[in-house]
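Participant: Attaching a single structure in structure tokens format; questions to follow.
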Amino acid sequence: MPGSHPAPSRAPFPEAAAVSTQDAQLRGNLRHATHTIRAKRAKAVAELDDWGALRTAGAAIKDRTLRHLDHYLEQLEESVTRAGGTVHWAADADEANRVVTRLVQETGEREVVKVKSMATQEIGLNEALAEAGISAYETDLAELIVQLGDDLPSHILVPAIHRNRGEIRDIFREKMAAWGRPAPDGLTDNPRELAEAARLHLREKFLSAKVGVSGANFMVADTGTLVVVESEGNGRMCLTLPETLISVVGIEKIVPTWQDLEVFLQLLPRSSTAERMNPYTSTWTGISDGDGPREFHLVLLDNGRTDTLADQVGRQALRCIRCSACLNVCPVYERAGGHAYGSAYPGPIGAILTPQLRGVSGSLEASLPYASSLCGACYEVCPVAIDIPEVLVHLRERVVEGGEVTLRGSKAVIKPAKGHAAERAAMRAARWALDHPGALRGGQRLAARTRRLHPKRLPGPGRAWTDTRELPEVPAESFRDWWARTRGERGTK
């Protein structure tokens, strides 16, 4: 049924990446797109002398809001209700899907138009609506390409980044007719023609749909205003033409005031599209007689966010404003692509956000904190200064060691993920050796004397580590022995 997406792969990241990295066309598309976007972003950011101060301000606003999230959410609910909207609270994906499905069914409609929303991808809303006999039509151009191609998004900002113009032309020719207005005869891969074909196809949906579903980039607590920034104008059509508007938004998207919003309206466009400001910034507050939707529903989504908030190290992931700058500089994402992350959130931010929202008990989630070289490029470009490498290391510790976490609002102790017994044993052995200098020196000398016999690959459990790297050469003598020999002193005890 139109509106649904195939389920994302649940294979661990290394397995999925092993497949995607063999796709030369995918790697070429990603390399060209990410290099182009990040070069433009660097130029746009360099125009501002106070970029560092803006970045610090954005992080501070987010941290302050998260510390008092309960207060600001209650304030938001009061503001939205006062403006004529209705607020619904959803603890998890199932509850959010039930609320939205019920709201659509109450209108009597069987179709909805959607403006790009990562939260609805996160919860699988399109699939839930399809099961209820409701078709959801994506209206963001890239999302439309993904949907028509029976595909999955692979980038936060440019969901169809893995497709080139020829592939898009073929998708439009083959699939548009089954979803509505067909592609024009003789359609080529000229960008202008492709955009015009999409515009004509979507116009029919906009003019006929009675229900719209959206996300939001920000929510302003003191006025109840929601904000969507975009580059095409399709979002504005989706937000204003339907009679009923349902917005599904993560609870972390809130900012206290319009003054706070002003900071992010400088940070987001430069970090995402490398523009000084977004071409379209749509804001709406409740409902107004004779203007826009007659009903407005706001579904506030938790789905693991309060659990993430309880983690003092990991909570900084909730600062994210979904700009995608970290994806565009990540060497791992550039080669593996977004589908390998098995989530609506690909790239470095997905590698820390998904395991926190879902937990690390699954093989995919346990593998994501390792989907990084820890080069730190993601932290350098993040407009709200999320220290992604710090969180990755923190989550790796959780995967290997287990320990106390917050699950569904309650404290719980999780077991170490499977497959890390050898790693834990190696770390315990290393700790013992470092606590016993004599044994450490003896081991170093033995390793040096047998170094010509060392293999390039480890056997058994160590094979996974040496599948992608060689063992380092052992020097002829340890530093301690070299120091004693060259300085004529006794080695340190």
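The values are calculated or read from the model by the stated rules, or taken from the named source; none is laboratory data. Keep in mind that what you see is a predicted model, and the values were worked out from it rather than measured. Because the Cβ atoms are built from the backbone with ideal geometry, glycine has one as well, and the counts that use them run over all protein chains shown. When the accessible area is computed, the model is the full protein with side chains, heavy atoms only, and any ligands, DNA or RNA have been set aside. Shrake-Rupley method; radii C 1.70, N 1.55, O 1.52, S 1.80 Å.
Participant: Please specify each residue of the stretch 122-144 satisfying the condition of being open to solvent by 10 Å² or more (accessible area, probe 1.4 Å), assigned to a helix (DSSP H, G or I) and at pLDDT below 95.
Facilitator: We begin by selecting, within the stretch 122-144, every residue open to solvent by 10 Å² or more (accessible area, probe 1.4 Å); these are 122-124, 127-128, 130-133, 135, 137, 140-142.
The next check asks that each one be assigned to a helix (DSSP H, G or I); those that pass are 122-123, 127-128, 130-131, 141-142.
Scanning the stretch 122-144 gives L141, A142.
Participant: Would you check if there is a residue in the stretch 107-114 being in contact with a His (Cβ under 8 Å, 6 or more places away or on another chain), farther than 19 Å from N217 by Cα and either among the acidic types (D, E) or crowded, with 24+ Cβ neighbours inside 10 Å (or both)?
Facilitator: Within the stretch 107-114, the subset in contact with a His (Cβ under 8 Å, 6 or more places away or on another chain) is none.
Scanning the stretch 107-114 turns up no residue that is in contact with a His (Cβ under 8 Å, 6 or more places away or on another chain), farther than 19 Å from N217 by Cα and either among the acidic types (D, E) or crowded, with 24+ Cβ neighbours inside 10 Å (or both).
Participant: Output the number of residues of the stretch 438-476 satisfying the condition of being in a loop (DSSP other than H, G, I, E, B) and either hydroxyl-bearing (S, T, Y) or surrounded by fewer than 12 Cβ atoms within 10 Å (Cβ to Cβ) (or both). Talk me through it step by step, then tell me what you get.
Facilitator: Initially, the stretch 438-476 is screened for residues in a loop (DSSP other than H, G, I, E, B), giving 450, 454-459, 467-476.
Restricting the remaining residues to those that are either hydroxyl-bearing (S, T, Y) or surrounded by fewer than 12 Cβ atoms within 10 Å (Cβ to Cβ) (or both) gives 450, 455-456, 459, 467-470, 472-473, 476.
Final tally of qualifying residues: 11.
Participant: Moving on. Of the residues in the stretch 181-206, how many are assigned to a helix (DSSP H, G or I) and either of a type outside the set (K, R) or open to solvent by 70 Å² or more (accessible area, probe 1.4 Å) (or both)? Let's see the steps before the verdict.
Facilitator: Here is the first cut: in the stretch 181-206, the ones assigned to a helix (DSSP H, G or I) are 191-206.
Now restrict to residues that are either of a type outside the set (K, R) or open to solvent by 70 Å² or more (accessible area, probe 1.4 Å) (or both): 191-204, 206.
Residues that pass the stated criteria total 15.
Participant: In the stretch 472-482, is there at least one residue being under 30 Å from G362 (Cβ atoms) and out of contact with any Ser or Thr (no Cβ under 6 Å at 6 or more places or on another chain)?
Facilitator: Residues of the stretch 472-482 that are under 30 Å from G362 (Cβ atoms), as a first pass: none.
Within the stretch 472-482, none of the residues are under 30 Å from G362 (Cβ atoms) and out of contact with any Ser or Thr (no Cβ under 6 Å at 6 or more places or on another chain).
Participant: For the stretch 374-393, how many residues meet the condition of being of a type outside the set (A, V, I, L, M, F, W, C), in a helix (DSSP H, G or I) and open to solvent by less than 40 Å² (accessible area, probe 1.4 Å)?
Facilitator: Start the filter on the stretch 374-393 by keeping residues that are of a type outside the set (A, V, I, L, M, F, W, C), which leaves 376, 379-380, 383, 387, 389-390.
Narrowing further to those that are in a helix (DSSP H, G or I): 379-380, 389-390.
After this cut, where a residue has to be open to solvent by less than 40 Å² (accessible area, probe 1.4 Å) as well, the list is 389.
Of the residues in that region, 1 qualify.
Quick grid of which residues meet (1) outside any helix (DSSP H, G or I); (2) at pLDDT 95 or above; (3) over 30 Å from Q25 (Cβ atoms):
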| site | (1), (2), (3) |
| --- | --- |
| V299 | yes, yes, yes |
| A317 | no, yes, yes |
| V360 | yes, no, yes |
| L368 | no, yes, no |
| S372 | yes, yes, no |
| L395 | no, yes, yes |
| V400 | no, no, yes |
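Participant: Could you list all residues from the stretch 337-358 that are outside any helix (DSSP H, G or I) and over 10 Å from the mean Cα position of the chain (by Cα)? Walk me through it before giving the result.
Facilitator: Of the stretch 337-358, the ones outside any helix (DSSP H, G or I) are 337, 342-346.
Residues satisfying the conditions are G337, G342.
Participant: Another question, if that's okay. Quick check on my filter: what residues within the stretch 278-296 are within 25 Å of the chain's Cα centre (by Cα) and open to solvent by 20 Å² or more (accessible area, probe 1.4 Å)?
Facilitator: Step one: filter the stretch 278-296 for residues within 25 Å of the chain's Cα centre (by Cα), giving 278-283.
P279, Y280, T281, T283 - these are the residues of the stretch 278-296 that are within 25 Å of the chain's Cα centre (by Cα) and open to solvent by 20 Å² or more (accessible area, probe 1.4 Å).
Participant: Restricting to the stretch 31-55, what's the tally of residues that are open to solvent by less than 50 Å² (accessible area, probe 1.4 Å) and modelled with pLDDT of 90 or more?
Facilitator: Our first condition is that a residue be open to solvent by less than 50 Å² (accessible area, probe 1.4 Å); within the stretch 31-55, this holds for 33-34, 37, 41, 44-45, 48, 51-52, 54-55.
The next check asks that each one be modelled with pLDDT of 90 or more; those that pass are 34, 37, 41, 44-45, 48, 51-52, 54-55.
Of the residues in that region, 10 qualify.
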